Amino acid sequence: MTVPHGAPSLLHLGVITVFVGHVLGLLVPRRWTAALGISDRFYHLISVTAGTLAGVVIVAGLALLVARRVHLSALRRSSTATDVVMYALLAVVVLLGLWAKAGVNMLGQGHDYRETVAVWFRGVLVLRPDASLMTGVPVLMQLHTLAALALMAIWPITRLVHAWAVTIGVLWRPRPVRVDRPHAG
């Protein structure tokens, strides 16, 4: 069995895309997008499409990364209990997010998270959260939020901490450098 080496890059791409999507979705108030002429319908279409695609990219990248880690003995030996917990929690966060996106906003009645979860989250950032904003939020979104907060709590003590450095390095890498040949001189 050959496991593609590109798995970490796929995961990094998905993580950065989901991060940017959440920044836009949680931190940009409705009145700002309305001022730009973006209708709620168009915003919802972009949110559902981009969010679902980014989530699928993370799931694929995570599956390939875990398969690679299991398949390659050196990586398997270097895996720790923290890695297993982190991979499991990341999978839970992403799958709950996809389930909420599909189950609530695509197939269900929908929920305007921009007036509840987003306002609550902005309150958390300024240390004034209003818990009442989360009471009417669908359970799937509440569970996704709790799992994401747990992931953020363990992020600094896991391998996820390198995700930003690698992602930024990949995006701004000038060109590949070959180092497999000895220098003649």
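The values are calculated or read from the model by the stated rules, or taken from the named source; none is laboratory data. None of the values given here were measured: they were computed from a predicted structure. For neighbour counting, all protein chains shown are included, and Cβ atoms are generated from backbone atoms with ideal geometry for every residue, glycine included. With ligands, DNA and RNA removed, areas are computed over all heavy atoms of the protein, side chains included. Shrake-Rupley method; radii C 1.70, N 1.55, O 1.52, S 1.80 Å.
Which three numbers, in whole Å and largest first, are the semi-axes of the equivalent ellipsoid of region 1-135 derived from its Cα gyration tensor as √(5λ)? Mind showing how you got there, number by number?
Details: eigenvalues 219, 59, 34 Å².
After scaling each eigenvalue by five and taking roots: 33, 17, 13 Å.
Which whole-Hz couplings ³J(HN,Hα) result when phi for each residue of region 79-92 is put into the Karplus expression 6.51 cos²θ - 1.76 cosθ + 1.60, θ = phi - 60°, listed in order with x for Gly and Pro?
Those phi angles translate into 6, 10, 4, 4, 4, 4, 4, 5, 4, 5, 5, 4, 4, 4 Hz.
Within 14 Å, Cβ to Cβ, of GLY21, how many net charges do the neighbouring residues add up to if Lys/Arg are +1 and Asp/Glu are -1? Could the numbers behind the result be given before it?
Working: positive: LYS101, ARG114; negative: none.
Residues near GLY21 contribute +2 overall.
Between LEU75 and ALA60, what is the spin-label point distance in nm, taking each point 7 Å from the Cα along the Cα→C-beta axis?
Each label point lies 7 Å from its Cα, and together they span 1.7 nm.
What list of ³J(HN,Hα) couplings, whole Hz, do you get for region 127-133 from phi and the Karplus terms 6.51, -1.76, 1.60, once you set θ to phi - 60° and write x for glycine and proline?
Per residue, the Karplus-derived 3J(HN,Hα) values read 6, 9, x, 10, 4, 5, 5 Hz.
Quick check: at a probe of 1.4 Å, how many percent of the accessible area of region 1-153 sits on carbon and sulfur atoms? Before the final figure, lay out the partial values.
Numbers: 6470 of 8870 Å².
So the carbon and sulfur contribution to the accessible surface is 73 percent.
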